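The values are calculated or read from the model by the stated rules, or taken from the named source; none is laboratory data. Just so it is clear, the model here is predicted, and its values are computed rather than measured. Positions of Cβ are generated from backbone atoms using ideal geometry, with glycine treated the same way; all protein chains shown enter the neighbour counts.
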Amino acid sequence: MSETKMEAPRLVLRTYRASDHDQVDHLFYSTYFTLVPEGVKCKLKSPSFWIIWIAFYAYLLAIVPVLLAGLPVPGWASIALKIFMTLAWAVVSFAGVFVVTDRFQVVDQVEQARQNDLSDPEIYYLNWVKEQVQVEDEDRTREEGKKHVSFDKDAKPATEIVRTQKPLEEQSPSHFWVLTMDNKYCGMIGLAHYKEVIYSRRPAQPATWKLMAAALFKRYHLTLPESLSNLQDKMPPVVFARPHADGVASLERLTVKPEYQHCGLSTFLVDRAMAWAHEKGLSRVEAKTNELESKAATILEKRHGFKLVKKERKGLFGQYEKTWSCNVEDWVATHEEAANTYRKSQQ
């Protein structure tokens, strides 16, 4: 009986390519949606949630006698109705928290990434410039005497995307990597350094209550107030990213596929980004996490020495954003082996 040889998985960390786009897009949004339970848990820990929950629950119990007043019902009906309202309110409220987190909060954050830096990492991270140019009709100059046939006189001219690398002096120390295991995408990370304000390509969304109010006015054919008309046009441009100070960059899109988590791959990715920052002469690397990304925050703090510099409240129900910072030289001193691993590596 011959022995079966078990081959070790082939792990490859490399620079992002244009052909990776669809896989990277799927990896990001499919992984980010697994964080919904973390968002729900955070909201359920919020005092604001329980204050509202208990207040409305008390109101429901208070109206039970009013609902039953004057009705020929047995004495136990009041207790039964209260039990029903308790169960119904618990199911509706907790389901509502899940739906709001999943369909609004997470969708908003995912689309913010997909319509901006992840729409084309080559532009945002790899110093490529892409422009759409018109394709010239070479037939007229190449083959004289032949007829040129056009099937649609109103057809738009053919165009193509031309990509060029920025001049060396204009390049930023940004980069983007993908991690594959046996040719399967399992992780990614970016290091961003912006030299100017980057505006979001995703249109700003008006407040939900304004959209609902405008819809009601239109539904009943009422005159729309000026404050509710042309809401989308009145929205100011949204800043996606602000310029970094000299010597500063930020970690972005740290993602590891759920089935590959708890294997040290996140440390592998962060090590590469920090080593790159050291190679490029950066002095500090920052990162931002929210209440959904508590595991990533723990990894940055416990394994890589990132320190919390700011915590900003983002909502009434436990939403927040934390800003972390790590001195690159301090990281190199405590992660010398990882730094040396990539010291002579190529992109």
key: Subset of segment 275-313 (residues that are in a helix (DSSP H, G or I) and either touching a His at 6+ places or on another chain (Cβ under 7 Å) or of a type outside the set (A, V, I, L, M, F, W, C) (or both))   = Trp276, His278, Glu279, Glu291, Glu293, Ser294, Lys295, Thr298, Glu301, Lys302, Arg303, His304
query = What number goes with the only condition from (1) surrounded by fewer than 15 Cβ atoms within 10 Å (Cβ to Cβ); (2) touching a Phe, Trp or Tyr at 6+ places or on another chain (Cβ under 6 Å); (3) more than 25 Å from Ser119 (Cα to Cα) that Pro243 does not pass?
reply = (3)
inquiry  = Suppose the filter is hydroxyl-bearing (Ser, Thr, Tyr), under 21 Å from the mean Cα position of the chain (by Cα) and either under 17 Å from Pro173 (Cβ atoms) or modelled with pLDDT of 95 or more (or both); does Thr267 pass it?
reply    = no
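For segment 201-215: of the residues being closer than 13 Å to Pro236 by Cα and of a type in the set (A, V, I, L, M, F, W, C), which is surrounded by the most Cβ atoms within 10 Å (Cβ to Cβ)?
Restricting attention to segment 201-215, the residues satisfying the condition of being closer than 13 Å to Pro236 by Cα are 201-207.
Narrowing the set further to residues that are of a type in the set (A, V, I, L, M, F, W, C) leaves 204, 207.
Values: Ala204: 12, Ala207: 10.
Filtering first and then ranking leaves Ala204.
Filter segment 95-110 for residues that are surrounded by fewer than 14 Cβ atoms within 10 Å (Cβ to Cβ) and either touching a residue at least 40 places away in the same chain (Cβ under 8 Å) or under 24 Å from Val238 (Cβ atoms) (or both) and give the result. Steps first, please.
Our first condition is that a residue be surrounded by fewer than 14 Cβ atoms within 10 Å (Cβ to Cβ); within segment 95-110, this holds for 95-96, 99, 103-104, 108.
Correct list: Arg103, Phe104, Asp108.
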request  = Determine if segment 334-345 includes at least one residue that is within 26 Å of Ser172 (Cα to Cα), of a type outside the set (A, V, I, L, M, F, W, C) and at pLDDT 95 or above.
outcome  = no
query = Which one of the conditions (1) closer than 30 Å to Ala338 by Cα; (2) loosely packed, with under 15 Cβ neighbours inside 10 Å; (3) of a type in the set (Phe, Trp, Tyr) does Phe28 fail to meet, given that it meets all the rest?
reply = (2)
Only listed residue being under 30 Å from Leu179 (Cβ atoms), assigned to a loop (DSSP other than H, G, I, E, B) and of a type outside the set (Asp, Glu), chosen from Pro9, Pro72, Pro37 = Pro9
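Given the criteria among the basic types (Lys, Arg), surrounded by fewer than 14 Cβ atoms within 10 Å (Cβ to Cβ), out of contact with any Lys or Arg (no Cβ under 8 Å at 6 or more places or on another chain) and under 30 Å from Pro258 (Cβ atoms), does Lys41 qualify?
Values: among the basic types (Lys, Arg): yes; surrounded by fewer than 14 Cβ atoms within 10 Å (Cβ to Cβ): no; out of contact with any Lys or Arg (no Cβ under 8 Å at 6 or more places or on another chain): yes; under 30 Å from Pro258 (Cβ atoms): yes.
Taking the combined requirement at face value, the residue does not satisfy it.
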ask   = Consider His21 against the criteria (1) touching a strand residue (DSSP E or B) at 6+ places or on another chain (Cβ under 7 Å); (2) not in a loop (DSSP other than H, G, I, E, B): it satisfies all of them except one. Which criterion is unmet?
value = (1)
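For segment 315-330, what are the residues that are over 19 Å from Phe98 (Cβ atoms) and in contact with an Asp or Glu (Cβ under 7 Å, 6 or more places away or on another chain)? Give the steps one after another, and end with the answer.
As a first pass, look at segment 315-330 and keep what is over 19 Å from Phe98 (Cβ atoms): 320-330.
Result: Tyr320, Glu321, Thr323, Trp324, Ser325.
Looking at segment 69-78, is at least one residue aromatic (Phe, Trp, Tyr) and free of Cβ contacts under 8 Å to residues at least 24 places away in the same chain?
Yes: one or more hits.
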request  = Search segment 167-220 for residues being part of a loop (DSSP other than H, G, I, E, B) and farther than 24 Å from Gln115 by Cα, and hand back the single one that is nearest to the chain's Cα centre (by Cα).
outcome  = Asn183
